[in-house]
Amino acid sequence: GVLASGIAHELNTPLTTIQFILHSDTLLPPETKMLLQGEAERMGRITRDLLSFATPHHDEEIFNLNEVIQQTQPLLKSANLKYIELILELCAEKISVKGVRNQIQQILFNLVRNAMDATEHSVSPFIRIKTEKREDGVAILTVRDNGTGIDKENLQKILDPFFTTKSPGRGTGLGLFVVHQIVQKHDAILTIDSEKGTGTTVRILFLDRECVNKEAA
């Protein structure tokens, strides 16, 4: 119900704007075309974010998390990072995760996209992606930035669908919601620590399947 009403509200606003422009008898000036394009792109982002977790996937497998991150790195770097430093700190050990590769990539894209927006005005901005493997068989993926951070009163809302602190047109409020849905599908745990003016740290705790299989044997 929350999703349905949210989708209707979010899509209705840009659609109304587009319909008004398209039914106008006047020629479209450049600034109007830019507005039309921006609203259409916003609708596209909402649709893509929803489809990324709403579409059923059946290609689960056991893969090396570090490998997937390395394969995704060139795509992340091409995502208009500009002056932001992307740092990879991957543990030397293999991390065996059971799940869907492209959904893990979706997690990385969404977290990096949020971090990019948060570090827009930071001095020496960076986004650090780190993996580590604990002795108890838990593998941790960490994405940290030195951006604006999140107010304490908003920390409990950031996983709600369509909640965003970004300026109008810049965010759909679905990025972290999608991340949380995918994390749950992978039987993992999501934690978010943030301090206003310092930055945000997102951690995802996976079970290392190699360790689990050894214990079972």
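The values are calculated or read from the model by the stated rules, or taken from the named source; none is laboratory data. The model shown is predicted, which means the values in this text are computed figures rather than measured ones. Cβ atoms come from the backbone with ideal geometry, glycine included; neighbour counts cover every protein chain shown. Quick note on the areas: whole protein, heavy atoms, side chains included, nothing else; ligands and nucleic acids left out. Shrake-Rupley method; radii C 1.70, N 1.55, O 1.52, S 1.80 Å.
So which residues in the stretch 100-125 are on the phi < 0 side of the Ramachandran plot and over 16 Å from the mean Cα position of the chain (by Cα), if there are any at all? Scanning the stretch 100-125 gives E120, H121, S122, V123, P125.
Scanning the stretch 158-183 for residues being on the phi < 0 side of the Ramachandran plot and either at pLDDT below 85 or in contact with a Cys (Cβ under 9 Å, 6 or more places away or on another chain) (or both) gives a total of 15. Restricting attention to the stretch 115-128, does a residue exist that is part of a loop (DSSP other than H, G, I, E, B), out of contact with any Ser or Thr (no Cβ under 9 Å at 6 or more places or on another chain) and open to solvent by 50 Å² or more (accessible area, probe 1.4 Å)? Yes, there is a match, as at least one residue in the stretch 115-128 is part of a loop (DSSP other than H, G, I, E, B), out of contact with any Ser or Thr (no Cβ under 9 Å at 6 or more places or on another chain) and open to solvent by 50 Å² or more (accessible area, probe 1.4 Å). Taken over the stretch 1-57, the criterion of being of a type in the set (D, E) and either modelled with pLDDT under 75 or open to solvent by less than 60 Å² (accessible area, probe 1.4 Å) (or both) is satisfied by E10, D25, E39, E41, D49. Taking the criterion of being assigned to a loop (DSSP other than H, G, I, E, B) and hydroxyl-bearing (S, T, Y), the residues of the stretch 139-165 that qualify are T148, T164, T165. Among the conditions (1) at pLDDT below 85; (2) open to solvent by less than 60 Å² (accessible area, probe 1.4 Å); (3) part of a helix (DSSP H, G or I), A79 misses just one, which is (3).
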